[in-house]
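Below is one structure, written out as structure tokens; comments come after it.
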Amino acid sequence: MSQLKIIAFSIVSFTLFTASAQSIKVCQRSSAVKTAIEGALNKTCDQITTEDLKSVKSLNISYTNVQTLEKSDLAGLTQLQSLFLFADNIPSLPVDLFQGLNSLKALYIYDDQLASLPENIFQGLTSLEELYLFKNQFTQLPEGLFRGLVSLQILDIGYNQIDSLPENIFQDLKSLRILNLGPNHLTTLPEKLLHHLAALEDVFINHNRIQEISEGTFASPNFSSTSRVSLRGNPLSEATVKMLESQLAGRLDY
């Protein structure tokens with residue numbers, strides 16, 4: 001066999017080996033994830049290559065009762081822009097699950113059974129614009145959960161059981177336009193909770209248990225002067241309502 005033929009044979013063999021190795025990895029992923037990837041590409045797992053994975057823009061792993069996900073389940077989906085993980089009864093997520101999804105723009109993790117999230121689970125998702133975490137079982141969220149999400153525009157953590165929030169949990173969300181905090185079990189708002197949200201247009205804090213709000217909560221110069229605040233369904237004191245009506249000048253919904 002000539003040297004050129006040997007080189008050509010080696011290249012073909014390496015390409016087939018690489019594709020086969022990647023296919024094996026897809027076939028070995030959690031059943032619901034494997035099925036979702038197969039559906040997105042219209043191929044069986046043994047046919048899927050690395051380049052195929054890079055072509056997936058949207059992945060729906062919802063209503064599957066998957067319950068458990070492995071940290072490598074989403075590996076290779078580097079161009080993924082939308083990921084749906086709702087109504088799956090998932091009790092927990094591995095901290096590295098979203099690692100490498102640098103193109104992700106919208107993430108839907110709602111109507112599951114999550115009671116907590118690892119603090120660094122969203123680390124590196126700098127392109128993320130929409131994050132939906134409502135209808136879970138959260139009572140607390142770690143202070144660094146949203147750290148680095150500089151492109152985030154919509155955040156929904158409503159319909160949980162959150163009773164308090166760390167004061168600096170939203171400090172990196174400079175692009176946030178819409179924030180939903182209700183319904184939850186909040187009894188108070190840290191005074192500087194919203195002070196970093198210069199782009200905020202609407203904040204919904206409806207149906208919590210808040211009676212008093214500090215005068216400085218909505219008074220920061222960084223808090224948008226056009227932001228609308230909804231506090232319906234809270235047992236606010238009369239003095240608090242009067243203060244907010246004066247301070248927010250027609251931008252209060254109560």
Worksheet item: In this structure, does THR240 turn out to be in a helix (DSSP H, G or I) and not aliphatic (A, V, I, L, M)?
Response: yes
Worksheet item: In the range 56-73, what count of residues is obtained for those that are in contact with a strand residue (DSSP E or B) (Cβ under 7 Å, 6 or more places away or on another chain), assigned to a loop (DSSP other than H, G, I, E, B) and polar (S, T, N, Q)?
Response: 1
Worksheet item: Quick one: in the range 61-77, which of the residues that are touching a Leu at 6+ places or on another chain (Cβ under 9 Å) and surrounded by fewer than 16 Cβ atoms within 10 Å (Cβ to Cβ) is nearest to SER30 (Cα to Cα)?
Response: GLU70
Discussion item. Need the failing condition index for GLU167 against (1) of a type in the set (Asp, Glu); (2) farther than 30 Å from GLN81 by Cβ; (3) in contact with a strand residue (DSSP E or B) (Cβ under 6 Å, 6 or more places away or on another chain), just the number.
Written reply: (3)
Fill in: Within the range 88-124, tally of residues that are within 11 Å of the chain's Cα centre (by Cα) and part of a loop (DSSP other than H, G, I, E, B)
9
Worksheet item: Could you list, in sequence order, the residues of the range 213-243 that are surrounded by 15 or more Cβ atoms within 10 Å (Cβ to Cβ) and over 18 Å from LEU181 (Cα atoms)?
Response: SER220, THR240, VAL241, MET243
Worksheet item: Which of the residues spanning the range 74-87 are in a loop (DSSP other than H, G, I, E, B) and within 17 Å of the chain's Cα centre (by Cα)?
Response: LEU74, LEU77, THR78, GLN79, LEU80, GLN81, LEU85, PHE86, ALA87
Worksheet, complete the sentence: Selection over the range 125-179 where residues are surrounded by fewer than 18 Cβ atoms within 10 Å (Cβ to Cβ) and not in a loop (DSSP other than H, G, I, E, B) yields a count of 3
Worksheet, complete the sentence: Note on the range 76-116: residues aromatic (Phe, Trp, Tyr) and touching a Ser or Thr at 6+ places or on another chain (Cβ under 6 Å) are PHE84, PHE86
Worksheet entry | Sole exception among (1) touching a Phe, Trp or Tyr at 6+ places or on another chain (Cβ under 8 Å); (2) modelled with pLDDT of 95 or more for PRO142, by number | (1)
Worksheet item: If you go through the range 212-219 one residue at a time, do you hit one that is of a type in the set (A, V, I, L, M), within 21 Å of TYR132 (Cα to Cα) and at pLDDT 95 or above?
Response: no
Worksheet item: Taking into account only those residues within the range 193-246 that are acidic (Asp, Glu) and free of Cβ contacts under 8 Å to residues at least 24 places away in the same chain, which is farthest from ARG147 (Cα to Cα)?
Response: GLU238
Discussion item. Take the residues in the range 208-232 that are among the hydroxyl-bearing types (Ser, Thr, Tyr) and assigned to a loop (DSSP other than H, G, I, E, B); name whichever of them is farthest from the chain's Cα centre (by Cα).
Written reply: SER214
Fill in: Residue count, the range 186-207 (criterion: in contact with a Leu (Cβ under 8 Å, 6 or more places away or on another chain), more than 17 Å from ASP172 (Cβ to Cβ) and assigned to a loop (DSSP other than H, G, I, E, B))
4
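The values are calculated or read from the model by the stated rules, or taken from the named source; none is laboratory data. Keep in mind that what you see is a predicted model, and the values were worked out from it rather than measured. Please note: Cβ atoms are built from the backbone with ideal geometry, for glycine as well, and neighbour counts cover all protein chains shown.
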